[in-house]
Amino acid sequence: MLVGHMPIRSTQAFFSTASLTRVSSSFLYPSSRNQMPQRKRANCLVENRHFSALKAAGTPVTSFDDGKSPFEITTPIYYVNDKPHIGHAYTSCACDVIARFMRLSGREVFFLSGTDEHGQKVESSADKKGMSPQEFVDEMSVSFRDLLKVLNISNDQFVRTTDTQHKEAVQHFWKTLVEKDAIYLGAYEGWYSIRDECYYTENELVDGKAPTGAEVEWMAKEASYFFKLSEYEDRLLQYYEDNPDFIAPRSRKNEVIGFVKGGLRDLSISRTTFKWGVPVPGDDDHVMYVWIDALANYISALGYPNEDSKFSKFWPANLHIVGKDILRFHAIYWPAFLMAAGLPLPKRLFAHGWWTKDGEKISKSLGNTIDPVDLVEKYGVDQTRFFLMAEVGFGNDGDFSDEKMVQKVNTHLANELGNLCQRTLSMVYKNCGEAVPIEIGTYTAEDEAILAKAKELRDVTAGHISKQAIHKYTDTMIEMVWEANKYVDDMAPWVLKKTDPERMATVLYVLMELLRRVAILYQPLIPASANSILDQLTVPEDERTFDHLETSSINTGTSISKPIGVFPRIELLSDAPVTA
């Protein structure tokens, strides 16, 4: 359970009594409706003086992506030994933001997630619960699938390594490696971590434990099939050099290169001391080492080895996003397996950091694990997504606290975006005949400047997303909303209502157009909330993709409904007891 689970209460952001440091409260006063005279607007569409470089479908071209081809993005498959935690939510949300952004940009996307369900750890956990391994994984896998639904994750497929199709694909992959003379039968003894499902050398141990802090045990000599990993040391290093953007961030790439340069040993890829795994073809005494089984999900889910399946369209994957603790398996073992099988390598790997809780490492023993379902129930779906993506630079470690969560959500969603939407639409509803303003005057330099900045949003955000700089994408959106609020304060439409009604209408129209652009581009991050804003702006559902940023605009004269708050303000009752 979540530590620091404080009671909260919600009030609509519009009625918040909190001080808005970037938003003038003078725009919140109620006023009478002022019906504008009906006349033809001379220039009802926002002029496209600043044409977007991405006005056609696609995303920026990078060294690892042509910006237009079918796009596969994957989470790692999550190990079902325990229930989901904040790390699973973090990876899933990051992938979802990128997948949604690509779809809205006109890309054909295949977004894959799933569960890793084999191995000694699973077999042991099932035995402790008095269940068969299959019963255990059937139960545990549901919690991960449900988490994706709770977080509004838009994955196209959910793969399970116990699926028949996956097991058949993995066995075909194994046979291919045998045919390529990449596997041989030998014997293994050494240090092994059941928790990490990983072998470690004596030199890698830290105070008698794995580098991850996991307990290790000495494996007595055991028959095992080996993959000839040592033969791929030079090929891997050459590949990293020829493809400098293959591993990101750069610090992780340097770690991988250092590890490979330290020398690679052949890798044990089968076990005989437990049975819960994919049987080795032709030798039922052995089951496959969990990583060769797990990594192959990225191609099995595409229909490998069937060339007429999605495999031919989406492989090689454009992007694997993983936690930094499993980068070695993805950046060394997986490329070597694919090289040996004669298959293309994924185009890019991105390893993100870990989360701590109130400055402490998260662990069961400390009782400070964070249940993402609790976060959603407590704060909301989009609020949770927003915080996870906006709080820390993607790739770095992050720290969670309830106070940080509340501050970020209230500041940027309730106080800034929520109030911008609520007060703009409230004044339109009350002063423009419950409809989008009709009588629009000539744009001033200030109008043109703020609209030009909004028109740049797609190019700027697409550049950030193409490099997985999700935090910079969120920062850009936050800054645009801040600029829009500043424009409100500078234009003071509540004053213009009395002195220049036509100018007031123009300002309100500009604000609605700004909100349209912001909401369209916020869809990847806060999809439900962004679409709620677009609903209130009366933007048709078929005009919410990025190509409509330049080909559509707010339609004058369209009736609007009485606005409703999108983001409830969250307040922690600090005097309440903190419970684990």
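The Rg/Rh ratio of region 298-365, with both radii computed over alpha carbons and Rh defined as the Kirkwood radius, is 1.14. State the Cα centre-to-centre distance between region 265-298 and region 206-253 in whole Å. Here the answer is 17 Å between Cα centres.
Using R0 = 35 Å, the C-beta based FRET efficiency linking Thr62 and Glu448 works out to 0.65. Packing, as the average of other Cβ atoms within 10 Å across residues, places the peptides 123-136, 368-381 in the order 368-381, 123-136, highest first. Angle between the Cα long axis of helix 250-261 and the longest principal axis of the chain, 0 to 90 degrees, nearest 10? Long axis of 250-261 versus the principal axis of the chain: about 10 degrees.
Between region 425-453 and region 365-417, the C-alpha centres lie 34 angstrom from each other. For the modelled label position 7 Å from the Cα of Lys180 along Cα-to-Cβ, which residues of region 339-364 have backbone nitrogen atoms closer than 18 Å? It comes to 339-348, nothing else. Each peptide in 93-100, 341-348 receives the mean, over its residues, of other Cβ atoms within 10 Å, and ordering these scores from highest gives 93-100, 341-348. The long axis of helix 470-491 is offset from the longest Cα principal axis of the chain by roughly 10 degrees. Enclosing the Cα atoms of the chain in their convex hull gives a volume equal to 154 cubic angstrom per residue. The value for region 104-258 of Rg(Cα) / (2.2 N^0.38 Å) is 1.29.
Using the 1.4 Å probe convention, the accessible area of the chain works out to 40 Å² per residue with neighbouring protein chains retained. Quick note on region 92-186: its Rg to Rh ratio, both from C-alpha atoms and Rh being the Kirkwood radius, is 1.09.
Can you tell me, using C-alpha contacts under 8 Å and at least 6 residues apart, the relative contact order of the chain as a whole percent? Worked out over the chain, it gives 24 percent. Calculated [222 nm] ellipticity per residue, helices only, for the chain: -12000 deg cm²/dmol; basis is -39500 (n - 2.57) per DSSP H run with n ≥ 4, divided by all residues, nearest 500. Each Lys and Arg adds +1 at its Cβ and each Asp and Glu adds -1 at its Cβ; summed about the Cα centre, the chain shows a dipole of about 1880 debye. Summarise the long-distance tail of P(r) for region 182-292 by giving the % of C-alpha pairs beyond 16 Å. Counting pairs separated by more than 16 Å, the tail of P(r) holds 66 percent.
The values are calculated or read from the model by the stated rules, or taken from the named source; none is laboratory data. Remember, predicted model here, so these are calculated numbers, not experimental data. As a convention, Cβ positions derive from the backbone with ideal geometry for all residues, glycine included, and neighbour counts pool all protein chains shown. These area figures cover heavy atoms from the full protein model, side chains too; ligands, DNA and RNA do not enter into them. Shrake-Rupley method; radii C 1.70, N 1.55, O 1.52, S 1.80 Å.
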